[in-house]
Amino acid sequence: MARMDFELPDDLKEIRRKAREFAIKEITPEFAQKYDREETFPEELRKKAYASGLVDYSNPWSVLILQEEFCRVDAGTGICAVSGYFGLETITLFGTEEQKAKYVPMVTSGKAMMGLAVTEPSAGSDVAGIKTTATKSQDYYTLNGAKMFITNGQLADFLVTLTRTSPQTQKRHHGLSLFIVETNTEGVTRNKLHEKLGVRATNTAEIVLNDVKVPARNLIGEEGKGFYYVMTFFDISRIYTAIQAVGIAQGALDRVLDYVFAQGMENLKEETLMTIGEMEMRIEAARLLTYSAASRLFQFNPDPKLTSSAKAFGSETAVWVTEKALEITGLQGLSGDLERFFRDAKIMEIWEGTSEVEKLTIARTMFREMVKEFVGGKGGAKA
Amino acid sequence: MSSEEYQLLRSNVREFAQKNIEGISAKIERDGLRPETIGAMAAQGFIGARVPGDLGGTELDERGYMIVLEELARVSPSAAVKVLITNSLYLPLAMATGKGKETLKDVASANVNATVAHTSLLEGYREQTGVTVANSRAHGVKDYVLDSDAKLVILAANGSPGTLLLVNGGVEPVNDQTRLGFRGLRFSSIKVDSGDFEVLAENGPGLLEEAFNGMDLAVAAIALGITSGALAKAIDYSKSRTTFEHALKDYQPVAFSLSSLKSEEEMLRNFMYSEGLSGTARVMARVKSTQLARNATKQALQVHGGYGYFGDFGVEKFYRDAMALPLLFSRGAKDMQRLSQAVFESKAGFM
């Protein structure tokens, strides 16, 4: 009889154990608080994570579990430790062999860092609304424009950058192209953005591109197909955002349980017990949804509906759980890790596609599927 | 005061807040409320809003006081909480003795900073040492004190039930705490070693609780101000920001959610400022307004997208403060028990 097994295999359980052990040892509450307060990137933690062998780009399940466990201890520094190759899938999936040989090893080894420069000051969720241009002359393109809220922006050795290579037509998502821009190229200016609400250890920057000359060989895939490459990447990155959110929510629940035990179980009222029960219920649902979406993705059969569901539900779970965690722990939470968890959680509903965008994606995918089924039905065997 | 006078007061406080505080509200979050800003608030009569006129205050009635708190909170919840601590906590406790009353003139004029160590009433309070009185000196450490730079501090000393002391000097802030909200005010433990103190009352916790429960409408007014400030920013932003070639306000989820929250804000304001609110209605106002502030700030931040996550746009502080307000100035379960007791007309919701 066929069976469905929702258990992680033993090798992933072992990775989870090692990831948690590493995170608890290296990311102490004092460490997390320091980098949060100072808004600085924990480079030494990133190096240690790579040196430990835990950051294994070749094993996506391992990366998923790693992010979950790191964010369970601290999202800000935890994300820094594993986000050095953020955007790499655009090269591994669509780049040339030359690009893969040059750029992939340097970031998967941890020797270099990269980022993905898509968002612009006037275009966030509306990716097709970007205004940065790339104009071709002979064997190079000249890039002009500005990018906003770019993770790793100030530290990255190169940025995969979305540009417009042909004028906007009625099909706004046409005419966009992706380039690998080395950040030491003349005309690239990077300004670190300060005073984030949460994930303050992560580096976020504004990038200004002023007559930046990029070799034509740095074009990723085909000219004009950048929008599709970016959307494919978001189908991947949203899974990781979902699991970061699950990690934050689980970390908040861990701390609530510690608090409740320390206070004495005999004083617990039903209202608190039910809230804790609901926290667990929502977190486990978010985790299973994310693993389910990841399972489809890692078998090269992504389901955008499932991916967006995992991302939106995971993010909203993180926000809800951290809020309830503060309510239960009061002053303890306010002066400990939980206030940081509460601040960190909110970005999950915003970056890599807002919850609103995710819900629209879910509904539109459903309708596309319905139309496909209807058309298929009329023209096929069912007709 | 007549309704015209209340309107005039509101427009005066709003004008003051816009001219003197709004422009520096991000700086207040970074560096704290500076003495010159507190001095300007005192000169307007806000710091001594409820202090009797013969003791150097403005002697506003409750509605006038709520207007001051709400309008200050619209631009800087930290500034509003500074006024709250002075008028809703320090004032009623200091009035217990002659020596306490004598301090009020200096407090109202902001010559001296005053606070109350009230957090022992709250969920999650865990005192390490506490303050004891021996050999005519108050000595020890009090944890989780908001606005801990103060020279005058009212605190409950160790013991059962614990006397309420007014300590004048010999107080030093130590061990700064992380601050989710009200970053304009210092939040830390205080080390006390003072021979200048006054026993305000023998039943310290009881009096503290009375003062705490008495500020239902004041806390509700700050929550309403936070809601109002956050929604005003979100509404403005959604008019000017375009996405997918349309203003944000043109999209139903944005327009409907903000309009719905704005309706709740207006309804709550009408309720809170109505005459002769009962004790039950006051608790209702505290519970509902703090919840509305959390909902409204969450949506306001979401509407701003990535920009909302950064301090420059002035929305993230409302999100933090809306969460910190009930944690520092409400008692979730205890407030709900007070409400339940009123609804059921007997002890309810205690299991």
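Rank-order B:229-238, A:51-60, B:278-287 by packing density, defined as the average count of other C-beta atoms within 10 Å over each peptide's residues, highest first. All intermediate terms of the calculation are to be shown ahead of the outcome.
Values: B:229-238: 22.4, A:51-60: 14.7, B:278-287: 18.8.
Top to bottom by mean Cβ count within 10 Å: B:229-238, B:278-287, A:51-60.
Roughly how many debye, to the nearest 20, is the charge dipole of region B:182-321 about its Cα centre, given +1 on each Lys and Arg Cβ, -1 on each Asp and Glu Cβ, and no other charges?
Numbers: 16 positive and 17 negative charges, 131 e Å.
For region B:182-321, the charge dipole is close to 620 debye.
Can you check how the C-alpha radius of gyration of chain B compares to 2.2 N^0.38 Å, as a plain ratio? Present the calculation step by step, with values, prior to reporting the outcome.
On the way: Rg = 20.4 Å, N = 351, 2.2 N^0.38 = 20.4 Å.
For chain B, the normalised Cα radius of gyration comes out at 1.00.
Taking every pair of alpha-carbon atoms in chain A, give the share separated by more than 29 Å as a whole percent. Spell out each step's value before the answer.
On the way: 32481 of 73153 pairs.
Tail of the P(r) past 29 Å holds 44 percent of the pairs.
Note the per residue figure in Å³ for the convex hull of the C-alpha positions in region B:88-175.
Values: hull volume 9.5 nm³, N = 88.
Output value, Cα hull per residue: 108 Å³.
When the gyration tensor of region A:287-365 is built from Cα positions, what are the square roots of 5 times its three eigenvalues, in whole Å, from largest to smallest? Please list the in-between numbers first.
Values: eigenvalues 171, 33, 16 Å².
Semi-axes (√(5λ), whole Å): 29, 13, 9.
Taking Cα atoms of region B:38-83, Rg/Rh with Kirkwood Rh, to two decimals?
On the way: Rg = 10.0 Å, Rh = 10.4 Å.
Result for region B:38-83 is an Rg/Rh of 0.96.
At 222 nm, what value in deg cm²/dmol follows for chain A if DSSP H runs of at least 4 each add -39500 (n - 2.57) and the sum is divided by all its residues, to the nearest 500? Can you show the working numbers first?
On the way: 13 runs with 209 residues, N = 383.
That comes out to -18000 deg cm²/dmol.
So if I place +1 on the C-beta of Lys and Arg and -1 on the C-beta of Asp and Glu, and nothing else carries charge, what would the dipole magnitude of region A:10-82 be about its Cα centre? I want it in debye, nearest 20. Provide the component values of the computation, followed by the final result.
On the way: 12 positive and 15 negative charges, 28 e Å.
Result for region A:10-82 is approximately 140 debye, rounded to the nearest 20.
What length, rounded to one decimal in nm, is gained on full extension from A:VAL371 through to A:SER166, with 0.36 nm per residue of separation minus their alpha-carbon distance? Display every interim value, and only then the final one.
On the way: separation 205, 0.36 × 205 = 73.80 nm, distance 3.12 nm.
Contour length minus Cα-Cα distance gives 70.7 nm.
Treating region B:147-287 as a set of equal point scatterers at the Cα positions, no solvent, please give the Debye-formula log₁₀ I(q)/I(0) at q = 0.14 Å⁻¹.
Cα-only, vacuum Debye calculation for region B:147-287: -0.89.
Students often get this wrong, so check it: of A:LYS131/B:LYS239; A:LYS192/B:LYS262; A:LYS48/A:LYS346, which have C-alpha atoms separated by over 30 Å?
Details: A:LYS131/B:LYS239 21 Å; A:LYS192/B:LYS262 35 Å; A:LYS48/A:LYS346 28 Å.
Too far apart for the 30 Å limit: A:LYS192/B:LYS262.
Against the globular-protein guess of 2.2 N^0.38 Å, express the Cα radius of gyration of region A:187-305 as a ratio, rounded to two decimals. Working shown, then result.
On the way: Rg = 21.7 Å, N = 119, 2.2 N^0.38 = 13.5 Å.
That works out to 1.60 for region A:187-305.
What FRET efficiency comes out for B:ASN175 versus A:GLU21 if R0 is 22 angstrom and r is the Cβ-Cβ distance? Round to the nearest 0.05. Walk me through the numbers on the way to the answer.
Working: r = 30 Å, r/R0 = 1.37.
It comes out at approximately 0.15.
Write down the Kirkwood hydrodynamic radius of region B:215-344, to one decimal in angstroms, obtained as one divided by the mean of 1/r over all alpha carbon pairs. If you can, show how the numbers build up before the last one.
Details: mean 1/r = 0.0653 Å⁻¹.
When all Cα pairs of region B:215-344 are included, the Kirkwood radius is 15.3 Å.
What's the magnitude of the charge dipole for region B:3-108 around its Cα centre, counting Lys and Arg as +1 and Asp and Glu as -1 at the beta-carbon? Answer in Debye, nearest 20. Intermediate values should be presented prior to the final figure.
Numbers: 13 positive and 15 negative charges, 62 e Å.
The dipole of region B:3-108 has a size of about 300 debye.
Once region A:228-376 is represented by equal point scatterers at the alpha-carbon sites, with solvent omitted, what log10 I(q)/I(0) does the Debye formula produce at q = 0.20 Å⁻¹?
Debye intensities relative to I(0), on a log10 scale: -1.10.
Whole Å is fine, so just give me how far the alpha carbon centre of region B:178-246 lies from that of region A:219-244.
Computed from Cα coordinates, the inter-centre distance equals 43 Å.
How big is D, in µm² s⁻¹, for region B:3-108 by Stokes-Einstein at 20 °C and 1.002 mPa s if Rh is the Kirkwood radius over C-alpha pairs? It would help to have the intermediate numbers written out before the result.
Numbers: Rh = 13.9 Å.
D = 154 µm²/s.
Under a Cβ-Cβ cut-off of 12 Å, what is the net charge of the residues other than A:GLU369 that fall near it, where Lys and Arg count +1 and Asp and Glu count -1?
On the way: positive: A:LYS305, A:ARG364, A:ARG368, A:LYS372; negative: A:ASP303, A:GLU373.
Here the charged neighbours net out to +2.
Taking the Cα atoms only, what angle lies between the long axis of helix B:216-240 and the longest principal axis of chain B, rounded to 10 degrees?
Taking Cα atoms only, the helix is inclined about 30 degrees.
Along Cα→Cβ, 7 Å out, is where each label goes; now give me the distance between the ones at A:MET274 and B:LYS19 in nm to one decimal.
A separation of 5.2 nm, rounded to one decimal place.
Semi-axes of the equivalent ellipsoid of region A:1-130: what are they in whole Å, largest first, if each equals the square root of 5 times a C-alpha gyration tensor eigenvalue? All intermediate terms of the calculation are to be shown ahead of the outcome.
On the way: eigenvalues 131, 104, 56 Å².
Those come to 26, 23, 17 Å.
Can you tell me how much longer the chain between B:ASP236 and B:GLN337 gets when fully stretched, taken as 0.36 nm per residue apart minus their C-alpha distance, in nm with one decimal?
On the way: separation 101, 0.36 × 101 = 36.36 nm, distance 3.86 nm.
Extra length from B:ASP236 to B:GLN337 when fully extended: 32.5 nm.
Output the direction-averaged projected area (hull surface divided by four) of the convex hull of the alpha-carbon atoms of region B:57-139, in nm².
On the way: hull surface 30.1 nm².
Computed as one quarter of the Cα hull surface, the answer is 7.5 nm².
Hey, how many Å between the Cα centroid of region A:142-188 and the Cα centroid of region B:13-83?
So the separation of the two Cα centres works out to 46 Å.
Quick one: Cα convex hull volume of region A:162-208, Å³ per residue? Don't skip to the end; give the middle numbers.
On the way: hull volume 6.1 nm³, N = 47.
Roughly 130 Å³ of hull volume per residue.
Are there chymotrypsin sites (Phe, Trp or Tyr not before Pro) in region A:215-308 that DSSP marks as loop and that have at most 11 other Cβ atoms within 10 Å, and which are they?
On the way: sites: A:PHE227, A:TYR228, A:TYR229, A:PHE233, A:PHE234, A:TYR240, A:TYR259, A:PHE261, A:TYR291, A:PHE298, A:PHE300; in loops: A:PHE300.
Of the chymotrypsin sites (Phe, Trp or Tyr not before Pro), the ones in loops of region A:215-308 whose Cβ has at most 11 other Cβ atoms within 10 Å are A:PHE300.
Taking Rh as the Kirkwood radius computed over C-alpha pairs, what is the Stokes-Einstein D of region A:89-224 at 20 °C in a medium of viscosity 1.002 mPa s, expressed in µm² per second?
Working: Rh = 15.2 Å.
The calculation lands on 141 µm²/s.
Quick one: divide the alpha-carbon radius of gyration of region A:10-82 by 2.2 N^0.38 Å and tell me what you get.
1.03
Inside 10 Å of the C-beta atoms of B:212-225, what's the mean count of C-beta atoms belonging to other chains?
Numbers: counts 0, 0, 0, 0, 0, 0, 0, 0, 0, 0, 0, 0, 0, 0.
For this peptide, the per-residue mean of nearby foreign Cβ atoms is 0.
Under 8 Å for C-alpha pairs, at least 6 residues apart: give me the relative contact order for chain B, rounded to a whole percent. Before the final figure, lay out each step's value.
Details: 637 pairs, mean separation 54.8, N = 351.
In percent, rounded to a whole number, it is 16.
Assuming R0 = 51 Å, what is the FRET efficiency of A:GLU14 and B:ASN111, from their Cβ-Cβ distance, to the nearest 0.05? Walk me through the intermediate numbers first.
Details: r = 65 Å, r/R0 = 1.28.
After rounding to 0.05, the efficiency reads 0.20.
Give the residue from B:GLY170, B:THR129, B:LEU185 lying farthest towards the positive end of the charge dipole for region B:114-203; charges sit on Cβ (+1 for Lys and Arg, -1 for Asp and Glu) and the dipole is referred to the Cα centre.
Ranked along the dipole, the leading option is B:LEU185.
To check you understand DSSP bridge types, tell me what percent of the beta bridges within chain A (both residues inside) are antiparallel, rounded to 5.
Working: 29 of 36 bridges.
The antiparallel proportion sits near 80 percent.
Using +1 at the C-beta of Lys and Arg and -1 at the C-beta of Asp and Glu, which of A:TYR259, A:GLN33, A:ALA75 has the Cα lying farthest in the positive direction of the dipole of the protein assembly as shown?
The one lying farthest along the dipole's positive direction is A:ALA75.
Stokes-Einstein D for the protein assembly as shown at 20 °C, 1.002 mPa s, Kirkwood Rh over Cα pairs, in µm²/s? Write down the numbers at each step before the final one.
Numbers: Rh = 27.7 Å.
It diffuses with D of about 77 µm²/s by this estimate.
Throughout, read-outs are computed from the coordinates displayed, never taken from laboratory work. Here the structure is a predicted model, which is why all the values come from computation and not from measurement. Ideal geometry is used to build each Cβ from the backbone, glycine not excepted, and the neighbour counts take in all protein chains shown.
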